[in-house]
Every structure is written in C-alpha cells, then in structure tokens.
Amino acid sequence: MADERDFVTVFRSADPSAKQDAEAARVRLSEAEIHAIVVGDDTPGVVEGAWEVRVPTADADRAEAIVDAAEPAPQPEEDETEVDTAAQSHDLDFVTLFSSQSLNAEMEAISIQSILDAAGIPSQVIGSAQIPTLGFELRVPRTRLEEALTLVSEARQSGAAAVEGEIE
C-alpha cells in the first residue's frame, strides 16, 4: 500500500453532512477500483470541522472526475425562490399619477395618497415642503395605475356630489 504522504485530497467539505458525503465519495471511488481514505479534522493538515477523501497521486485525475461527476448541483435554500426579474421589474416601476405646482399641490398629493392607502395601493409622494414651487408628484406602481386612476376619479366625483348637496 502507498504511504499516506503519496495521497492527495480529491474531496473536502465542512458542511453538516461532510462525513456522510466523504464516505459516499469513498464508496464511489472504491467501486471504480481506486483506493481512497476518509480523514477528519483529527488528521494533521485537515481544517477543523472538515472531512476529506484522499487517493494515491497516480489516481488523482480519474478520482477527481468521478467525485465531480457525482456531486449534485447546489440546490437553492428552502426559502429562496427563483424570480424572473426581467419579466417583472418594469411592472414594479413607479409612474406618475398626479403632478402639480400649485400652492396646494402637497395637500392634494397627500389627500390622494390617503385614498390609495385605504385601497391598499402603494404610492410615493415626491416633492419638498421646503421648496414647494418645484411642485409635487404622486407615483404608483405601473401595474396599479388604472386602478388608482379609477379610485381618484370616483373620489373626485363623490366629493363634488357632496359639495353640491351642501349648497342646496
């Protein structure tokens, strides 16, 4: 048998399943008639918490190919989901629903925002109270624009009807 100094590492892992993975790699190599040994961190030169599979230097290339071919592709974590961001990112872009430079633009933008908030439509007021002459905008996600426009139109109509009712 070859001296252990003539062995090279073809597999190393510090995963929670490292010992089982190393043993499985050793079995695959044995089936291919390659002498392999499994060593843990109690062996000099092995990183703490890691397990390694070592083979004779002469068998290293073939052993690496066998180990690499048997390793499964990394799986996403359970809470990770693949998202097609290219298809969805433009749908999430915010677009302008309201824009004004009038003196009461901030108050109107905030009033519209409260209507949208009540309906569960996210919105963002853009403007500065310190420089009100620059105006204010209210933005909503592109996918919710039509719904937001309908709500604002209905609110304006019901507001006008309420004012007319007070005048009579």
*All positions within segment 42-71 that are among the basic types (Lys, Arg) and assigned to a helix (DSSP H, G or I)*: 62
*Since residue 74 meets every condition but one in (1) modelled with pLDDT under 85; (2) in contact with a Leu (Cβ under 9 Å, 6 or more places away or on another chain), which condition does it not meet?*
(2)
*Qualifying positions in segment 125-155 - exposed (fewer than 14 other Cβ atoms within 10 Å of the Cβ) and not β-branched (Val, Ile, Thr)*: 128, 129, 130, 134, 142, 146, 149, 153, 154
_Residue pairs, Cβ under 7 Å, 6 or more apart or interchain, first in segment 110-124 and touching a residue at least 40 places away in the same chain (Cβ under 8 Å), second in a helix (DSSP H, G or I) and not charged (D, E, K, R). List them._
112/152; 115/151; 115/152; 115/155
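Would you please name the residue that is surrounded by the fewest Cβ atoms within 10 Å (Cβ to Cβ), looking only at residues in segment 103-124 that are of a type outside the set (A, V, I, L, M) and either more than 18 Å from residue 148 (Cβ to Cβ) or over 33 Å from the mean Cα position of the chain (by Cα) (or both)?
We begin by selecting, within segment 103-124, every residue of a type outside the set (A, V, I, L, M); these are 104, 106, 108, 111, 113-114, 117, 120, 122-124.
Pick out the ones that are also either more than 18 Å from residue 148 (Cβ to Cβ) or over 33 Å from the mean Cα position of the chain (by Cα) (or both) and you get 104, 106, 108, 111.
On the way: 104: 11, 106: 17, 108: 14, 111: 15.
Among those that are of a type outside the set (A, V, I, L, M) and either more than 18 Å from residue 148 (Cβ to Cβ) or over 33 Å from the mean Cα position of the chain (by Cα) (or both), it is 104.
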*Could you please find all residues in segment 125-152 being closer than 15 Å to residue 113 by Cβ and hydrophobic (A, V, I, L, M, F, W, C)?*
125, 126, 129, 136, 138, 140, 145, 148, 149, 151, 152
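The values are calculated or read from the model by the stated rules, or taken from the named source; none is laboratory data. Note that this is a predicted model, so its numbers are computed, not measured. Please note: Cβ atoms are built from the backbone with ideal geometry, for glycine as well, and neighbour counts cover all protein chains shown.
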